[in-house]
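**Student:** First, the structure itself, so that you have it in front of you.
Read-outs throughout are calculated quantities, based only on the coordinates presented, and are distinct from any laboratory measurement. As the structure is a computational prediction, the values presented were derived from the model and not from experiment. Positions of Cβ are backbone-derived with ideal geometry, glycine not excepted, and every protein chain shown enters the neighbour counts.
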Amino acid sequence: MSIKKCVITKGIYNDKELRLLVSFDEDDKPVDLINLDITKIGIHCEATVEKVLSDIDACILKLSTGDKGFIEIKKLSPENYLERYSLKKKVCQGDRFYVKITQDKKNTKPYSCSFLKIEDYKNDNTSYINYYIETYCDEAVQIITDLEEYKSPNFNIRFYNDDSFSLWNLYSFNSILDKATSKIVHLKSGANLLIEKTEALTIVDVNSSKNYGKTDFYKINEEAIVELIRQLRLRAISGIILVDLLKVSTEEQNALINEIKKASKNDISQINVHGFSNLGLLELTRSRNLAPFTI
């Protein structure tokens, strides 16, 4: 999956103003849907050690953004601290240093952070845009925005300034958001996915629907898997995922496992395929990176 275009704009959805980054692939399908008012990935900030968790070799941090952070002790480099309280211990409560937020938090959990050397620190609150473009996009990616704060000479940015028709409406962002928050995803074959998120896991049901009896179940499952991988990324779904595919033979189940591994290679998060359970459910896990779209 190759990202060819990023649109950065703001608009009203469900009576709330949002600032969004939506990326598109070569087929003009949305790839990532990022609420810029929520995500903090890529932000550089000062961190103060609030608590040392010796049992798991990690620290809880108080970030200059006002948030809580988490970092493994093995990632720390004491010679690059801003302030150090003990020369005998690698880290103590009150030690200060710079970090970069690398993973959005989930619920009340802290943000995951990586250590920054003093010379690598940048005071740039729009750094997520830079991080996303440099990490996930093609060199020739086109960036379109109508927001002055995201104009940058470092990227191929086209500034949109047509007051008669907003950038938000030009790319039908309300429709994209409606589809990305709907439980039902329709497939070209007439089948559909039903995506149900709970606190503990995500359940996906594949239904033949209007396609019943027209196409063999393996072909529907194959189509469903490709769309499911796209939806997991678009919706930033992480954790445990159970997929109820249409019933096929054991040999076809193994072929579908290979298909899902192939389809997930370009995901920005790690997808692990754990196989089919005794109940015939395909078990997946996906690592957490971006915060899922919320309003």
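**Student:** All other residues with a Cβ under 14 Å from the Cβ of Asp205 taken together, and with Lys, Arg as +1 and Asp, Glu as -1, what is their net charge? Provide the component values of the computation, followed by the final result.
**Tutor:** Numbers: positive: Lys183, Lys197, Lys247; negative: Glu196, Glu227, Asp244.
Residues close to Asp205 contribute a combined charge of 0.
**Student:** Classify the chain as rounded, prolate or oblate, taking a ≥ b ≥ c as the square roots of the eigenvalues of its Cα gyration tensor: rounded when a/c is under 1.5, otherwise prolate if a/b is larger than b/c and oblate if not.
**Tutor:** On the way: a/c = 2.43, a/b = 1.38, b/c = 1.76.
It is oblate, given that a/c is not under 1.5 and a/b is not larger than b/c.
**Student:** If you put +1 on each Lys and Arg Cβ and -1 on each Asp and Glu Cβ, how big is the dipole of segment 44-120 around its Cα centre, in Debye rounded to 20?
**Tutor:** Numbers: 15 positive and 12 negative charges, 40 e Å.
Charge dipole of segment 44-120: 180 debye, to the nearest 20.
**Student:** Follow-up. Where does the charge balance sit around Asp27 when Lys and Arg score +1, Asp and Glu -1, over other residues with C-beta under 12 Å from its C-beta? Could you put the intermediate results ahead of the total?
**Tutor:** On the way: positive: Lys4, Lys5, Lys29, Arg230; negative: Asp25, Glu26, Asp28.
In short, +1.
**Student:** Report the charge-dipole magnitude of the chain in Debye, nearest 20, computed about the Cα centre from +1 at each Lys and Arg Cβ and -1 at each Asp and Glu Cβ.
**Tutor:** Values: 41 positive and 43 negative charges, 148 e Å.
In debye, rounded to 20, the chain gives about 720.
**Student:** Could I ask something else about it? Across all directions of projection, what mean area in square nanometres is found for the Cα convex hull of segment 1-62?
**Tutor:** So the mean shadow area of the Cα hull is 7.4 nm².
**Student:** Now, a different point. P(r) for segment 182-286, please, calculated from all Cα pair distances in 5 Å bins and given in %.
**Tutor:** 2, 13, 26, 26, 21, 9, 2, 0
**Student:** Calculated from DSSP H runs of 4 or more alone, at -39500 (n - 2.57) each and per residue, what is the 222 nm mean residue ellipticity of the chain, nearest 500?
**Tutor:** Details: 5 runs with 55 residues, N = 295.
Theoretical 222 nm ellipticity from helices: -5500 deg cm²/dmol.
**Student:** Need one number: nm distance between label points at Glu26 and Lys106, each 7 Å from Cα along Cα→Cβ, rounded to one decimal.
**Tutor:** Each label point is offset 7 Å from its Cα along the Cβ direction, giving 3.3 nm.
**Student:** Let me ask another. Compute the Rg/Rh shape ratio of segment 44-120: radius of gyration over Kirkwood radius, all on alpha-carbon atoms. Display every interim value, and only then the final one.
**Tutor:** On the way: Rg = 11.3 Å, Rh = 12.2 Å.
Reported Rg/Rh (Cα atoms, Kirkwood Rh): 0.93.
**Student:** Please identify every one of the chymotrypsin sites (Phe, Trp or Tyr not before Pro) in segment 57-152 that sits in a loop by DSSP and has no more than 15 other beta carbons within 10 Å of its own beta carbon.
**Tutor:** The qualifying sites are Tyr85.
**Student:** Now for a different question. Placing +1 at every Lys and Arg Cβ and -1 at every Asp and Glu Cβ, with all other atoms neutral, what dipole size does segment 171-211 have around its Cα centre, in debye to the nearest 20?
**Tutor:** With only Lys, Arg, Asp and Glu charged at Cβ, the dipole is about 200 debye.
**Student:** Shifting gears a bit: Please identify every one of the GluC sites (Glu not before Pro) in segment 19-104 that sits in a loop by DSSP and has no more than 14 other beta carbons within 10 Å of its own beta carbon.
**Tutor:** Glu26
**Student:** Take Thr145, Thr198 and order them by how many other Cβ atoms sit within 10 Å, fewest up front.
**Tutor:** By the 10 Å Cβ count, ascending: Thr198, Thr145.
**Student:** Could you give the nm distance between label points at Glu149 and Asn123, where each point is 7 Å from its Cα heading toward the beta carbon?
**Tutor:** Each label point lies 7 Å from its Cα, and together they span 1.7 nm.
**Student:** Label points 7 Å out from Cα along the Cβ direction at Ser86 and Ser114: separation in nm?
**Tutor:** 2.9 nm
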